[in-house]
Amino acid sequence: MRMPRALTLCVVVLFAGLPACGGGSSSTTRDASHPADVKRDSKPTHDASTGRPDAKETGTPDVVRHLPDATPDGAHDATADAAKDATVDAGSDARADGHVDAGRDAIVDAAVEAEAGPMYCNHPSPGFNPDAAGIKFFFNFDVSLLVGTDIGVAVGGFEPTAREDYCNPTPTEVPDAGTCTFATAPATTSQCSSTDMTNCAPEQTECEPDTNAGGAAIPGTYHCVTPRSMLNVGPFTVTGFTTGPQVFTYNASQQGGYMSTGGGTEPLADIAFDAGYAIAGDGSVPQGLGPFTGSFQMAPEFKITSPSLVTFPSGMSGFDIDTTQDFTFTWTGGPPVASFTFVVSTANAGGRGLTCNAPNTGSFTIPAATLQALNLSTTPLENALDIELTGTGTASGQGLTFTDIEIGQTFTVLLKKTK
């Protein structure tokens, strides 16, 4: 299971001087199997039933729905301390009491009835040894352009390895390369519910869902969870930054997450693109972890080269979209993958979510007919384009049984329908 990317977006939002994710609440997108909110899933979870990225009841796209009418200058005045606070405030209550609350119980009981598809985590234990579970290490390093605000976020941590860490990734429907598809139904059936823990192992005493950025449960994602706490196994060092090595330390005030002196945020100038990074730590033998090392590669910097970003009256950036014409965008950089997916979403009444699979040729076109079928809003805050490019790293060491190192670049902008 992977750490929720919503943490990254929440940190970006707070760093930009914008309200915390969840409209001031402390819920955030995350894999609910994780006891601390410094972890992430593969991206801000898209609600497959709507095709929109975590649309709240208000219907605004998750990455932009909390953005006020502020100027970019005002946005950049926010301090790194505020961003640091976001790493815990953006999600700390999602498991405050370690149990699914009655409201979520009601949701899952109703949702299970209507779900279809393979069971979430249908292979829950390959490689897991409950008698020698060992330690899990995770590290998330993400560079984001969020409606014109560039920022890097790097967080990590350690916890006992659990059975659910070995769950197979949830299957997702990816369009054929060079094509786009509209939203489909949820891809999985929940593994458990508040009244049925039959599929859970004895140590998995909780049933929790993946949640969207507003804290709402996503149907089909309730899964068995092992209660566990973050571990303090001593600091580790990451080398490869342009400014030299950075030491990441346990932060009790941030749910036990590991951060550097930057409080989780990394200025863009400190990030070396198209470069290798190394991880090293001494571990803590009493905690069950010896010396460990790891590595990852940051891809060349992803940049949209055309069309040019437009600054809307709200002070945020995006693209003007003429739905009577094909929309083509071009780019440079990013990881050396054959293709990547991106999402166009709208909160407009009758709007539809769109997923596209773009061959990594430097250019992609969305046909005018597809744009018209989206039913985009003329209000930029109600539309978003979200591109996420991810890679992984490796780590090994005595007592380290599970690693989850994910490196990403995210590009999210608003869209304004002009015709």
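The values are calculated or read from the model by the stated rules, or taken from the named source; none is laboratory data. This is a predicted model, so every value here is computed, not measured. Every residue, glycine among them, receives a Cβ derived from its backbone with ideal geometry; neighbour counts consider all protein chains shown.
Residue by residue, here is whether (1) at pLDDT 90 or above; (2) of a type in the set (Lys, Arg); (3) under 30 Å from GLY318 (Cα atoms); (4) surrounded by 22 or more Cβ atoms within 10 Å (Cβ to Cβ) holds:
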position	(1), (2), (3), (4)
PHE128	no, no, no, no
ALA133	yes, no, no, no
ASP142	yes, no, yes, yes
VAL147	no, no, yes, yes
GLY156	yes, no, no, yes
THR170	no, no, no, yes
PRO186	no, no, yes, no
CYS200	yes, no, no, no
GLU203	yes, no, no, no
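In region 338-376, how many residues are β-branched (Val, Ile, Thr) and within 24 Å of the chain's Cα centre (by Cα)? Spell out how you get there, then give the answer.
We begin by selecting, within region 338-376, every residue β-branched (Val, Ile, Thr); these are 341, 343-344, 346, 355, 361, 365-366, 370.
Right, trim to within 24 Å of the chain's Cα centre (by Cα) and you get 341, 343-344, 346, 355.
Of the residues in region 338-376, 5 are β-branched (Val, Ile, Thr) and within 24 Å of the chain's Cα centre (by Cα).
Give the residues of region 365-387 that are over 11 Å from ASN348 (Cβ atoms) and either surrounded by fewer than 19 Cβ atoms within 10 Å (Cβ to Cβ) or without any contact (Cβ under 8 Å) to a residue 60 or more places away in the chain (or both), sorted by residue number. Matches in region 365-387: THR365, PRO367, ALA368, ALA369, LEU371, GLN372, ALA373. Residue count for region 241-283 satisfying the condition of being closer than 19 Å to SER144 by Cα and buried (at least 20 other Cβ atoms within 10 Å of the Cβ): 9. Here's a check for you: in region 342-392, which residue that is in a strand (DSSP E or B) and among the charged types (D, E, K, R) is farthest from LEU146 (Cα to Cα)? For region 342-392, the residue satisfying everything is GLU388.
All of LEU400, LEU354, LEU374, LEU385 fail the test of being closer than 18 Å to PRO307 by Cα and not β-branched (Val, Ile, Thr), apart from LEU385.
Mind telling me which of the residues SER314, SER295, SER308 ends up being part of a loop (DSSP other than H, G, I, E, B), touching a residue at least 24 places away in the same chain (Cβ under 8 Å) and either closer than 25 Å to ASP176 by Cα or of a type in the set (Gly, Ala, Ser) (or both)? If you could, list the steps in order and put the result at the bottom.
Values: SER295 fails: part of a loop (DSSP other than H, G, I, E, B); SER308 fails: touching a residue at least 24 places away in the same chain (Cβ under 8 Å).
Result of the check over SER314, SER295, SER308: SER314.
A count restricted to region 220-230 and to residues that are crowded, with 24+ Cβ neighbours inside 10 Å and assigned to a loop (DSSP other than H, G, I, E, B) stands at 3. Within region 137-180, being of a type in the set (Gly, Ala, Ser), in contact with a helix residue (DSSP H, G or I) (Cβ under 9 Å, 6 or more places away or on another chain) and part of a strand (DSSP E or B) holds for SER144, GLY152. Scanning region 315-364 for residues that are surrounded by fewer than 19 Cβ atoms within 10 Å (Cβ to Cβ) and in contact with an Asp or Glu (Cβ under 6 Å, 6 or more places away or on another chain), which turns out farthest from GLN409 (Cα to Cα)? Within region 315-364, the match that is farthest from GLN409 (Cα to Cα) is ASN348.
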